[in-house]
Amino acid sequence: MDVPLILPFLLSLGLLLWTADVGVSEEDAICVLNTTNISGIVRFVQTSNWSVEVTANVTGLPPGPHGFHIHQYGDITKGCASAGGHYNPLSMNHGGPDSPVRHVGDLGNIVANTEGIVVHCHEYHNFTLQGTHSILGRSIVIHANADDYGLGGHNDSLTTGHAGARLACCSIVVSRLIVFSSVALNKILGLKNT
């Protein structure tokens with residue numbers, strides 16, 4: 001096995017086992033970032049009918065703010081380009097996470113410290129993990145630049161927040177599926193399930 005491929009495999013395996021150990025509910029979802037330089041976990045917990053707590057722990061980003069969005073598709077087979085545009089079922093202009101006019105997928109910015117580490121936790125109130133405006137099967141994209149919340153006056157401010165290139169992305173999936181997958185993975189690897 002190629003050495004550069006071992007680390008992502010081990011990180012994914014560790015995530016699977018960690019998720020199995022902590023116990024998750026049907027109101028949990030997860031997104032695993034795993035590019036050459038950027039890795040991390042974005043976790044989603046449904047806290048009420050229209051509230052989802054989003055926690056992001058990411059490493060390897062350039063220091064500073066980065067646009068953080070839910071994109072239309074969970075397809076990342078061609079990298080972040082196949083994720084489509086921002087999730088926007090209401091056909092609104094781009095805005096900030098608390099703006100009255102915004103895409104459902106506009107989560108604002110995450111900020112990497114001088115070591116490229118992001119620890120972010122915020123409760124959002126306009127999407128769900130099930131039913132109307134569900135984000136399951138969609139993707140998270142982290143961009144190169146800060147999101148201007150549609151206020152920057154650039155030709156793409158009202159569509160993308162002028163957030164720039166797509167640095168990292170991942171598909172949003174139900175955590176329970178990952179727990180199930182860890183059991184299946186253990187069987188494949190010949191490990192004992194506890």
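Bear in mind that the values in this text are calculations on the coordinates, not laboratory data. What you are looking at is a predicted structure, and each value in this text was computed from that prediction instead of being measured. A quick note on method: Cβ atoms are made from the backbone with ideal geometry, for glycine too, and the neighbour counts reach across all protein chains shown.
Which order do the peptides 118-130, 92-104 take when ranked by the mean count of other beta-carbon atoms within 10 Å per residue, highest first?
Answer by packing, highest mean first, reads 92-104, 118-130.
Measuring from label point to label point, each 7 Å out along Cα→Cβ, what is the I117 to N37 span in nm?
1.9 nm
Search the structure for amide H atoms under 5 Å from the amide H of A168, placed 1.01 Å from N in the peptide plane, and list their residues when 5 or more places away or on another chain.
I142
Amide H of A146: which non-local residues (sequence gap of 5 or more, or other chain) have their own amide H closer than 5 Å, using H built in the peptide plane?
G67
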